[in-house]
Amino acid sequence: MVTLKTENELATMREAGRVVARTLAAVADAARPGTTLLELDTLAADLIASLGAGSSFRGYRPAWAPTPYPGVLCLSVNDVVVHGIPDGRVLREGDLLSVDCGAYVDGLHGDAAVTVAVGAVDEAAERLSRTTAEALAAGIAQARPGNRLGDISHAVQRVARAAGYGQADGMGGHGIGWKMHEAPDVPNEGRPGRGMPLRAGLVLAIEPMLIEGGGDDHRTLDDGWTVATLDGSRAAHWEHTVAITEAGPVILTLP
Ligand code: MF3
Ligand code: CO
């Protein structure tokens, strides 16, 4: 069921979004050659707690997952698209790292992701990440009353395909609020003018995942979580939690 949020709920979600944004900034700053993924997860866990929030990810178990999620971040390196589990892996110069974080305040959630360069990355990686951020911005720009869900999906798709990138098949964003994953699903492909009408009070997590090689295929590794490209090509992931208001889209996951 799709629920619309009140002004009070939006204000609290803004607080949760602020925690997420500050955590992503701190992790992006700490993601240097030689740092392990577990060190980043610990840094994030401590920061979220010190800001008086809870982790949306740790212990979360969607129906398809074999185990509760162990981390507070998803850390997805190079050919990992999303849901990479923080482990002892050491980051190396040139790695492309996607960082996904969720936090809640008073039961209301925020969810966002950024892709960061570890040290200097090649121009192709810069372009992949930049285009994914542009796809997100294009989707956000459509998140206004009077439009439909398909307008968001189509805007994301257009940017991704025009640049020649693939998109992880069947994966996308979601409604968010009292639960991290709420209705509706927010596909990264769709037709303009189709789908659910967008109304003020609807809050959506919009999250394009672009694949460098142009293919859409991916697989889930044996841990049941990690999603990687089938052909080993690199991926980028950007996400914001966005409130639809009468005045247009308001990004809740900003510092
Ligand atoms: N942004 C991710 C998503 O919406 C966060 C989920 S990670 C999980 O799928 F570990 F919490 F499941
Ligand atoms: Co999400």
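All of the numbers you see were taken from the coordinates with simple rules; none came from a lab. This structure is a prediction, so every number in the text was calculated from the model and none was measured. When we count neighbours, we look across all protein chains shown, and the Cβ atoms used for this are built from the backbone with ideal geometry, even at glycine.
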Given +1 on the Cβ of Lys and Arg, -1 on the Cβ of Asp and Glu, and no further charges, what dipole in debye does segment 7-251 carry about its Cα centre, rounded to the nearest 20? 560 debye
Order of 156-164, 190-198 by packing, highest average Cβ count within 10 Å first? 156-164, 190-198
Quick check: the distance between the Cα centres of segment 131-172 and segment 23-56, to the nearest angstrom? 28 Å
By average Cβ neighbour count within 10 Å, what is the ranking of 168-174, 140-146 from highest down? 168-174, 140-146
If Lys and Arg each add +1 and Asp and Glu each add -1, what is the summed charge of the other residues whose beta carbon sits under 10 Å from the beta carbon of R148? +1
Gain in length, W178 to R127, computed as 0.36 nm per residue apart minus the alpha-carbon separation, to one decimal in nm? 14.8 nm
Can you give the relative contact order of segment 25-142 as a percent, counting alpha carbon pairs under 8 Å and 6+ residues apart? 24 percent
Please compute the contact order of the chain in relative form: average sequence separation of alpha-carbon pairs under 8 Å and at least six residues apart, divided by the residue count, as a percent. 24 percent
